[in-house]
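Below you'll find the structure, written out as C-alpha cells, and then a few comments.
Here, each number is a calculation from the coordinates, and none is a lab measurement. The model shown is predicted, which means the values in this text are computed figures rather than measured ones. Here the Cβ is made from the backbone with ideal geometry for all residues, glycine too, and neighbour counts use every protein chain on show.
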C-alpha cells in the first residue's frame, strides 16, 4: 500500500518509475503516458500528411504540370491517403483521448490490459515505419491510392508490398486497442456506474471497439491475399487467373466503410461530452444517443456497397445498399438533433473547445447531407470519382474527426498537461482554420458537379478559377493550423498552471488534479448520479 | 510498476480471449467469403479439383484434432482436481496430436508439390481458372490454419510448463483455460475447412 | 463482481461422450458424400459442421456453464458474418 500512496502523490508526468527519462515513456504501461505517446506520433504524421495535401493543392493551382510530374502526384495522393487514414484518423481519437480518458471517465486506475496497451503502441509505430518505408526502399513509391484496388495493386511496378503490409500491421494495433477497451468497459467501471450512467465518450468508444474488432480482420486477410497474389502468384483477384477484382472491392469496403464509423463515432462521443459542459445543461436524449451509437455501429456494417455503385453490382444489391445508406443517416441525424436540443436554452459559454464543437456541427451536417447525395443511385453515377466525393469525405473525415480532435484537445489540454493555453491565439487559429477549411473544400463540391475528376494532377481550363480559390483556402487553413499547434506546444511547456476543473464540467476526469496522479484516483469513486446532471450546479457555478 | 499491474481479473482475461477468437474467426471469415463466391462462380471446376485432394488424409487430420480438443478440455478438469500428473500427460498428448496434424499437412502439401501443383506452377495454370482459384484457396486456407495450429501449440507449451512449475493451479488456471479456448477455435475452423475442401465434390 | 471465477468441474466422461458424438458426426458426414444428394450435398455437409462446432462451443468451450453474455457475443458475431455473406450474394447471386 505504501508504494501506492507514494504514486498517488506524484502526477503521471513527473512520476519516476522503473525506467528513467525517455525510456520511462517508451516502456510505460500507464494509459496516460501511452495516450501522450500516441498524441505526439499522430500529430507528427498529421503535419507530414497535411503538408502533402498542401503540395497537391499547389499543383492544382493552375492547369498542367505546375510543381510536379503526374507520377509524383499519384505517389503523393497515395501517401496522403495512407497516412491520413491508417495512421491518423482510424487510430486518432480512440488511441489518444480514449487511452488517456477512458479509465478516468469510468473511474478506473488503468485499462484492463496495460501491457497489451503498450504493445499496441509499439505495433502502431512498427506498422507506420513499414508503411512509410515504401517511400524510400526499392522502386517508385506506391501509386494506387490508399484503396490498393486490384488488379492494379499487384500489377504496378511500384513499391506496394511495404504499404500493404504496413496497413496489415496497423490493423493489429487497432484490434488490440479495441479489445482492451471492450474488456475495460465491461470490467472496470467504478462501483455504481451502471451502463446508463456511463458518459457518452466511453459509450462511443465501446461501439467503435466492436467495429474495430469485427471489421479489421477482414481487411487484414484481404491485404494478405494481395500480398500472396503479388509474391506467390496465388490467384485471388487477378482476372487472368480467374479471380474477380470486384470481389476485392467488396472485401476492402466491408472493412473500410465501417472504418468510417471507427473514425466518426469517437468524434461524436467527444462532441456529446463537450456540449453539455459548455451549455451547462444535461445532454438532451442520453438514451437516444446511446442507441443511435450502437445502431450506427451495426447498420454501418452493411452499407459498404455504396462505394461500388459504378463497379457493376447487381441491381438488387445497388438498391439494398442505397436503402441502407439512407437508413444509417437516421441515427446520425438523431444525434445532431440531440446536440442542438442540448444547446437550446442552455447557458452557453463560448470558449475555444465550444467553438470547435459548434463548427463540427456545421461541417458535419454539410458532410452528412452530401453523403446522401452520393448514396442516391442516380446522382452517384454522375458524381462518382469526381471532386465532389473528395469534398464530401473531407467534410466528414477531416471536418468530423479533425474538428472533434481539436475540440477534444482544447477541452482536455488543461487536464493532460496541467497548463492552460492562450485562448486569444487559440480562437484566432480556429477562425482562420475554419474559414480556410470552407474555402478549400466547398469549391470542390461545385467542381465535382461540373465534372472535374479526382486523382488527376491536371484539369481542363474551365475549372481554373474555383481551383485557385480552393488552393488559397488550403494555405489559409494550414496557417490557422500552425497558429493552433504552436499555441498548444508553447502552452505545454510555459502555460499558466491549470485548475482541476477549468470548465466547470461534471464528469469524473475533472474531479482529479491536473495533471492526474499516476493511479488516477486516490479512492475509486462511487457513482450515484447521471454523468451530465448539471441541475445540481448552483447559480454561482453557472456564472463562471 | 504502477499499482494497477498487479490487478488480477480472470473473467476479464477470458473475455479478452473470446474477443480475440472472434477476430481470428473473422480473419478466416474473409477467406470463407472468397471461397463461397468462387465456388458459386465455378461449381464444376471446384467439384473436380476437390477430387484431387487426399480424403483419407483429411479424415485422419479431423480425427486427430477432435481428439486433441477433448484432451485439452480434460486437462483443465485434471488441474481443477489437482491431478497435476494427469494434466501434464493430457496436455502432452494434445501437443503431440497437433504436431502429427502438421506432419500430415506437410506430407499432403509435399505430395501436391510433387505433382507440380503449387501456387504459380505451370501445371496448375494449365488446369484452368476454377482450379487455380480452388488450389489458391486450399493452400491459403490450410496454410493459415496450420499457422494457427503452431500458435496454439506455443500457447499450450507455455501452459504445460506453468502446470509443471505449479503456476497453473486449481485456484488459478485461466491461462490453460484460454489456451484451450484458442485450441478449440482452431478445431472449429478445421471442422468447416474439412467438408469444404475434402467432402463436397 | 467477483473477479476470479471458478468454472464448475466437468467430468472426464462428459468430454469423452462429446468426443464420441463428434467422431460419429464426422463419420456420417463422410458417408453421406457417397450418396447422391445433388444440390443438398453442400447443405448437408455444412449442417453437420455447424452441429459439430456447436458441440465444441457448448461443451469444450464451456458455454453451457458460462454467463449468457458470451452466447450473446457469439450470436452477434455470427449474425454479422452471415449478414455480410448474404449482402455479398445480393450482388453475386443476382447478377
Would you mind giving the mean number of other chain beta-carbons within 10 Å of the Cβ of each residue in A:225-238, as a whole number? 5
Relative contact order, percent, of region A:29-542 when contacts are C-alpha pairs under 8 Å separated by at least 6 residues? 18 percent
One finds, for residue A:314 and residue A:27 with R0 = 51 angstrom and r their Cβ-Cβ distance, a FRET efficiency to the nearest 0.05 of 0.45
How far apart, in nm, are the 7 Å Cα→Cβ label points at residue A:149 and residue A:468? 3.2 nm
Using only Cα atoms, find the angle between the long axis of helix B:84-114 and the longest principal axis of chain B, and express it within 0 to 90 degrees, rounded to the nearest 10. 20 degrees
Could you pull out which residues in region A:181-219 have an amide N less than 20 Å from a spot 7 Å beyond the Cα of residue A:533, following the Cα-Cβ vector? A:189-203
Helical mean residue ellipticity (222 nm; -39500 (n - 2.57) per DSSP H run of 4+; nearest 500) of the protein assembly as shown: -23000 deg cm²/dmol
By the mean-Cβ-within-10 Å protection proxy, highest first, B:156-162, C:89-95 rank as B:156-162, C:89-95
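Shape call for chain C from the C-alpha gyration tensor, a ≥ b ≥ c root eigenvalues: rounded (a/c under 1.5), prolate (a/b greater than b/c) or oblate?
Details: a/c = 6.18, a/b = 1.33, b/c = 4.66.
Oblate, since a/c reaches 1.5 and b/c is not below a/b.
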Which part of region A:245-266 falls in the paramagnetic zone of residue A:327, meaning amide N under 20 Å from the point 7 Å along Cα-to-beta-carbon? A:250-251, A:253-262, A:265
Please arrange B:40, A:12, C:70 by counting, for each residue, the other beta carbons lying within 10 Å of its beta carbon, fewest first. B:40, C:70, A:12
Taking 0.36 nm per residue of separation and subtracting the Cα-Cα distance, what length does fully extending residue A:449 through residue A:423 add? 5.5 nm
Could you tell me how many degrees, from 0 to 90 and to the nearest 10, lie between the Cα long axis of helix A:403-417 and the main elongation axis, the longest principal axis, of the Cα atoms of chain A? 30 degrees
Please label the shape of the protein assembly as shown as rounded, prolate or oblate, based on the square roots a ≥ b ≥ c of the eigenvalues of the alpha-carbon gyration tensor (a/c under 1.5 means rounded; beyond that, a/b larger than b/c means prolate, else oblate). oblate
Could you please state, rounded to a whole Å, how far the C-alpha centre of region A:155-231 is from the C-alpha centre of region B:35-69? 31 Å
Using the 10 angstrom Cβ neighbour count as an exposure proxy, how do A:234, A:67, A:185 rank, fewest first? A:67, A:185, A:234
Tell me the label-point distance for the pair residue B:7, residue B:104, using the 7 Å Cα-to-Cβ offset, in nm and rounded to one decimal. 4.4 nm
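Residue A:19 to residue C:36: FRET efficiency via 1/(1 + (r/R0)^6), r the Cβ-Cβ distance, R0 45 Å, to the nearest 0.05? The partial results should precede the final answer.
Working: r = 69 Å, r/R0 = 1.53.
According to the calculation, E is roughly 0.05.
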Set the Förster radius R0 to 25 Å, insert the Cβ-Cβ distance between residue C:85 and residue C:63 as r into 1/(1 + (r/R0)^6), and round the FRET efficiency to 0.05. 0.65
